Amino acid sequence: DVKVTQSSRYLVKRTGEKVFLECVQDMDHENMFWYRQDPGLGLRLIYFSYDVKMKEKGDIPEGYSVSREKKERFSLILESASTNQTSMYLCASSLIARAYEQYFGPGTRLTVT
Amino acid sequence: AQKVTQAQTEISVVEKEDVTLDCVYETRDTTYYLFWYKQPPSGELVFLIRRNSFDEQNEISGRYSWNFQKSTSSFNFTITASQVVDSAVYFCALSEAQGAQKLVFGQGTRLTINP
């Protein structure tokens, strides 16, 4: 079974802190994705990566950056956390040939105070 | 641009009732995929179904069925004889069939099945 794990289920940070959200997948998937989920807005794509060191902006990249140094790991970085980044963050991965078949992690609920 | 609309924000029914979750989509692509995902309280999205735009045949899987109508750009999901375990947030999604194949999600419908 594909397994996508996220480093924390719950995280509380202060405004202005640098925040790292980590995602690891164990199925050698080329694609990895970061979404944020907000009530009434569904899931929105922040960034995705189709290879090591490659990244593309999604629909809402402002205030975020990403890092993919190894194929299995995709990090989402909040350079200076703000209260409007309080949200649920979901990571997903897929094969490049079946990019629509995404496997999701359990999510990290981030609260910025 | 692609767009998915789930107009029902929340639905609450009594156990054993049938319930239909609506999904309407917009796309200029001629080929695309449609999806339904379930998000139980644990938070992890669970894949339910994928439908290719060329295949308008309805699908049934146990108590779940899906009605894809290209003429109305709808992909509705029906749960027959609902159970408490069906309580979750359900998302409809759309992806292009070529290129990056990114998923575009609807807003989600929170379904509560009351005993």
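Taken together, the values in this text are just the output of simple stated rules run on the coordinates, not laboratory data. Predicted model only: the values in this text are computed from it and were never measured.
Take the Cα atoms of chain B, build their convex hull, and give its volume per residue in Å³.
Hull volume normalised by residue count: 96 Å³.
Where q = 0.13 Å⁻¹, what log10 of I(q)/I(0) comes from the Debye formula for the protein assembly as shown, counting one point per Cα?
For the protein assembly as shown at q = 0.13 Å⁻¹, log10 I(q)/I(0) is -0.77.
State the Cα centre-to-centre distance between segment A:46-75 and segment B:90-115 in whole Å.
21
Provide, as a two-decimal number, the C-alpha radius of gyration of chain A over 2.2 N^0.38 Å, N being how many residues it has.
0.99
Eigenvalues of the Cα gyration tensor times 5, then square-rooted: what semi-axes does that give for segment B:72-115, in whole angstrom, largest first?
Taking √(5λ) for each Cα gyration eigenvalue gives 27, 12, 8 Å.
Quick one: which of A:K3/B:K3; A:K70/B:K3; A:K57/B:K38 span more than 31 angstrom between C-alpha atoms?
Checking Cα-Cα distances, A:K70/B:K3 exceed 31 Å.
At a temperature of 20 °C and a viscosity of 1.002 mPa s, determine how fast segment A:1-64 diffuses translationally according to Stokes-Einstein, using the Kirkwood radius over alpha-carbon pairs as Rh; express D in µm²/s, rounded to the nearest whole number.
158
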